[in-house]
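Scroll down for the structure; my scribbles are underneath it.
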Amino acid sequence: MAAPLFELKQVSHQFGQVQALTAISLCIWPGDRVALVGSSGAGKSTLIRLLNGTLRPNQGEVWALGRNLNQLRPARLRQVQSQIGTVYQQLHLVDNLRVVHNVNAGHLSRWSLPKALLSLLLPLELETATQALAQVGIPEKLYAVTRDLSGGQQQRVALARVLVQDPLAILADEPIASLDPSLSREVMDLLRQLCQQAGRTLVVSLHDVGFAQSHCDRIIGLRQGAVVFDCPSPQVSDGMLADLYSAPHE
Amino acid sequence: MSSLPRRLLLTPTLAWGLAGLGAILLSLLAAGLFQQDLVNLDGLPLLLRFLSASLHPDLSREMLQLTWDATLITLAYAVCGTALSLLFGLVGGLLGSEVWWLAVSGAGGNQVQPPPLWLGMRALLAFPRAIHELIWGLFFVGLWGLDPLTAVLAIAIPFGAIVAKVFSEILDDTPRQPLQVLLNSGVSPLSACCYSLLPQAFLNLLSYAFYRFECSVRSATVLGLIGAGGLGYQLLLSFQSLRYDQLWTFFYALFVLNGLVDWSSARLRQHLGCASRMALNFKPAAAPLLAQQRSGWLLGLGSALLIAYCFWYIHPDFSRLWSATTGQRLVEIYRASQPPDWQLLPELVSAALATVAMSVLAIAFAASGGLLLAFPAAHNFFLPGGLLNPGRGSGRGSASRWPWLSLLLARALLLITRAIPAPIWALAVVFVLFPGILPGAIALGLHNLGILGRLMAEVIENLDQRPLEALKAQGAPAGLVLLYGVLPLSLPQFLAYALYRWEVCLRETVIVGFVGAAGLGRLLSEQLSSFDYPGLVLTLGCFLLLTFAVDWVSSRARRSIR
Amino acid sequence: MRQFILAACLLALGACTQAQSPSAAPSAIPPVNPSVDATVKPLTTGAIPDQDPEKLQRLYGKLAQYLEAELKVPVVYKPVTDYTAAVTAFKVEELDLVWFGGLTGVQARLQVPGAEAIAQRDIDANFHSVFIANRKSGIEPLKDSSDLAQLKGRSLTFGSESSTSGRLMPQYFLQQAGVQLEDFKGQVGFSKNHDATLQLVTAGTYEVGAMNEEVWQKRLKAGEVDLDNVQVIWRTPAYYDYHWVMSPAAAQRYGADFPQKVQAALLKLDPSVPEHQEILELFGAAKFIPTQNSNYGNIEAVGRQIGKIK
């Protein structure tokens, strides 16, 4: 098998006095579909932010695409980051821009500044944007103002942006936490499908263990910043989950 | 009784209030009230002649032609100056914002300390801002003569720094997550800002840009006084020739120009859905991005054409910027200013005190006058259906005409006071007052009264109406609605504006100094006419320190009343 | 919104009708003489705005026409708003030939090496200021300079800060008589020019004013002085005042003998020729005479003493 896409070596991170992650080591391989599960505050979001280079760990090393993120200069880091797409629970779209610009933002790591500016006036590469929106099921919203879309539609815009970015890996931080069950299923199906089609790696943090088991092939259980289990989905037992969500051991 | 919370006797707000009153009293003393001759009643006939000329302005053909040309020049200076200042401001604002440096410094997520470059940038922007446009103008005249370039840059540089400061504050107050998302997907900081921060903050930036344009029109007028042409120049010439009928022709042109610009800028902001004229407190943009509407395109195109036309009309000679003589003259001026004349210090201290006194009196005058006029000028007060109108608003009788009249009158007064530049007010005031702190303060006060009064009227119009309606519905008389509803709701905002305007007043003391008022301005004018560069450097340095000190006090006070 | 665009369009349209004459400010009178080569950079004349700016405009318009015909180069007049601006404009080569006062001329020549005083009026070698007073003030004409001390406690206005006849010399003579500026009532005013001083004193805004005698005489002759309200109370001793100063840049541009040509053209003005007489009358002179930098040593000394020259 090829080299790991992500590798954490003894990574610890703390925010002020709060220990978010403690001595985590793990590898994520190309094509993996990994679910991060655990209760709130277990360190799922921190882990994702470490993987995409938003955070630098206090201790240990984060490797992505064969590079140590801690040691990269900004330009190099950006190169690596352009291969990692991230979807957030709060989406972080610019809501007074039209959908097409939010989708085209996926191009930005490749576009020159003049092209980016021009596109704000006269949207460029419309075909790619339309295609991406068609893939997520809302091709008709190309010129809608983002704020006018429903929550589910905005989630799809965020996905379309990641599609346009065309990364090797998609990181999704609680992508369905604020969606109703049927929408959640649609979005999870979409995520799985988008990764399967292009052989992308998926790392998704989830509250809902059901979706983790149905849509991912590997589940990592986190509790209080430590890995409790890390195994293929079918092997995750009810006992392991009960243990994961139980009150912390003294 | 012991269960009641004890009242704090000296709250910070009260302390600031007392300090303010004390400052006003001290300033009155410094102005020589009750001590020396201030009023010169012998000048009354001349003042009357000046005022009565307003009834018969010179409307001859050549005069109207001249007025039209002068108005265009002033407008063109304002347009070009604003365009350049926005350009500087956008670049400077980005470079002066914390968020930009955090974005550039790479993985910014866990970085808390702003980089030293950022602080350096902020300090760099503070200098051009502290010096009034007129002084920049005089400095540039020494470099490039009376080329339109002088006027345009004299507006663009200090205004650019002000715009940069405000823009950077707006950008720093804008939610950062969308930017962070783009940065994390490997986008370069500049492109990332263009697709997140800038569109997010666009409406606030635009609204402020229009406010700046209004200010530019007033500055372009003042710059005429150094000979740069336009309405200010013609005004001064007519004043010096004591041709009051001509003077009033120019005044009327100035009223129309200011009125038109202020009105259209207000309409635009209303259309955009952003009420606050001056972005002292930023709210997230509410309306869809302008660039996405047809009218937005039209506006953009119109502005671009107007800017291009204005640059063509005055054709500033930009090649002078990098010409060898410019460098040579800079070196000459530097040499001439060395070494600074330290003997000046005692005189500087007394002049500086006079300057502060003048600015304090000016703002006290402007704030109280502005407050008085703001209520009749606001459209939701005395008009039928308004908060302080006892009627129901259905009456169409002759009684309902008065509120309209007072509204128009108040607005006209505000327009007139702010349209006429402070130095021209000063020239009129010295008819009946001896030169000194008081006429300078009154002139500055009159000009700023017009500006503050309108800002305050807007505050009143944008007040949260619900508590006031509730009070009125309860049957409270108008006076009580005012005391228990309007004042508590609006006073903090009023004071914040007044304090902000105080900073501006201090800078403007320089320009009334040129027409004989006291303080650092008069000293500066004397030194300029003596080509006393060593003294000039020191006076300017003193002025900078004073400006920083006043800005600091004002921002402290504003924070405590918030 | 629509209104705004409309307003902008109107403004732009209106402006377009002006487009044929996109004159940069401040407006300069274009050369009118058809015999003159318009491609040559014009000789720019200027003057300290010591009197009613409108009268200056007429005066220098006429002079520019005359010089243009004599010198065969285009000549324009460029007005400035104050004395300091005239010196600055001369320094940055925006003005080539300037009618300076005594003090401003010295200031200008100190800042522009090679600048030459070339001519002055017959009256300038022997110039006077007058102190004028409003009659209501009850101040009677003074007998000699020591009587200036009587002015203590009165209100006083000068002309421009840099005026020789309206500030420098009057202040000098006051100092000689032991009167300081602080001795006057209120603060001393600066009216900016002699006509303004005359009007302010006539109206009573100030009780006393110091002004140029030549402007006083000219307004008197024209019947523009309200003698019921204002009178001369003292005439200063004589001193050197106004003169033409030529920038070295002009000689570079038009040839080394150009200053002599200009001087000759000025000296040639003859009161017996009607067109010449008109110009001379506007200047209040019988004729122009040569002058040189060294004539103003005294003015420079006084200027340094008062602090107007550093």
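If you take every DSSP beta bridge fully contained in the protein assembly as shown, what fraction is antiparallel? Give it as a percent rounded to 5.
60
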For the protein assembly as shown, what's the radius of gyration and Dmax over Cα atoms, in angstrom? 36.1, 124
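State to the nearest 20 debye the size of the charge dipole of the range B:63-334 about its Cα centre, where the only charges are +1 on K and R beta carbons and -1 on D and E beta carbons. Working shown, then result.
Numbers: 14 positive and 12 negative charges, 78 e Å.
With only Lys, Arg, Asp and Glu charged at Cβ, the dipole is about 380 debye.
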For chain C, give me the percentage of DSSP beta bridges that are antiparallel, rounded to the nearest 5 percent. 70
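Give me the net charge of A:Y88's neighbourhood, meaning all other residues with Cβ under 12 Å from the Cβ of A:Y88; Lys, Arg count +1, Asp, Glu -1.
0
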In square angstrom to the nearest 100, the accessible surface buried at the A/B interface, both sides summed with a 1.4 Å probe, amounts to 2800
Straight-line reach only, C-alpha to C-alpha below 15 angstrom: list the aspartates and glutamates that C:K192 could link to, leaving out same-chain residues fewer than 8 apart. B:E526, C:D50, C:D52, C:E54, C:D82, C:E161
With the solvent-accessible surface defined on protein heavy atoms using a 1.4 Å probe, which residues belonging to the range B:421-438 display a reduction of at least 40 Å² in accessible area in the multichain context relative to the isolated chain? B:F434, B:P435
Where the Cα atoms of chain B are projected onto their three principal axes, how long is each span, largest first, in whole Å? 72, 69, 60
From the P(r) of the range B:63-334, could you give the percentage of C-alpha pairs in the tail past 28 Å? 43
Provide, in order from the shortest bin, the percent of all Cα-Cα pairs of chain A in each 5 Å bin, continuing until the bin that contains the maximum pair distance. 1, 6, 14, 17, 19, 16, 13, 8, 5, 1, 1, 0, 0
In straight Cα distance, which lysines are under 24 Å from A:K44, not counting same-chain residues fewer than 8 positions off? A:K9
Sort C:S163, B:S52 from largest to smallest accessible area, using a 1.4 Å probe on the heavy atoms of the protein chains. B:S52, C:S163
Can you show me the helix-derived [θ] at 222 nm for chain B, built from DSSP H runs with n ≥ 4 at -39,500 (n - 2.57) apiece and divided by the number of residues, rounded to the nearest 500. -24000 deg cm²/dmol
Counting all C-alpha pairs of the range C:128-235, share separated by more than 21 Å (%): 22
Relative to the isolated chain, which residues of the range B:501-536 have their accessible area cut by 50 Å² or more in the presence of all protein chains (1.4 Å probe, heavy atoms, no ligands or nucleic acids)? B:R522, B:E526, B:S529, B:S530, B:F531
Computed [θ] at 222 nm, helices only, for chain C once each DSSP H run of length n ≥ 4 contributes -39500 (n - 2.57): -11500 deg cm²/dmol
Of C:K218/C:K268; C:K261/C:K310; C:K41/C:K62; C:K41/C:K261; C:K221/C:K308; C:K185/C:K308, which pairs sit farther than 29 Å apart, going by alpha carbon to alpha carbon? C:K261/C:K310; C:K221/C:K308
Residues of the range A:57-79 losing 10 Å² or more of accessible area relative to the isolated chain, 1.4 Å probe, heavy atoms only? A:P74, A:L77, A:R78
Let's test this: bin the Cα-Cα distances of the range A:16-81 at 5 Å from zero up to the farthest pair and state each bin's percent. 3, 14, 26, 25, 19, 10, 3, 0
Buried accessible surface, C vs B, both sides, probe 1.4 Å, in Å² to 100, equals 5400
To check my understanding: the extent here is largest minus smallest coordinate of the Cα atoms along each principal axis. What are those three numbers for chain C, in Å, largest first? 61, 59, 41
Whole-percent carbon and sulfur contribution to the accessible surface of the range B:63-334 (1.4 Å, no ligands, DNA or RNA) stands at 71
Write down the Å³ per residue value for the convex hull defined by the alpha carbon atoms of the range A:91-166. 78
At q = 0.18 Å⁻¹, base-10 log of I(q)/I(0) for the range C:229-271 (Debye sum, equal scatterers on each alpha carbon): -0.69
How much accessible area per residue does the range A:91-166 have, in Å², with a 1.4 Å probe? 38
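Relative to 2.2 N^0.38 Å, what does the C-alpha radius of gyration of the range A:3-135 come to as a ratio? Two decimals please.
For the range A:3-135, the normalised Cα radius of gyration comes out at 1.23.
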Let me check against my output: what whole-number percent is the relative contact order of the range C:128-235, with C-alpha pairs under 8 Å and at least 6 apart? 47
If one computes the Cα centroid of the range A:220-245 and of the range B:225-276, what distance in Å separates the two points? 74
Scanning chain C for helices, which whole DSSP H stretches are 18 Å or more long along the axis (Cα) and average 0.0 or more by Kyte-Doolittle? C:2-16
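The values are calculated or read from the model by the stated rules, or taken from the named source; none is laboratory data. Worth saying up front: this structure is predicted, and the values here are computed from it rather than measured. FYI the Cβ positions are ideal-geometry reconstructions off the backbone, even for glycines, and counts take in every protein chain you see. Keep in mind that these areas ignore ligands, DNA and RNA; they rest on the heavy atoms of the full protein, side chains included. Shrake-Rupley method; radii C 1.70, N 1.55, O 1.52, S 1.80 Å.
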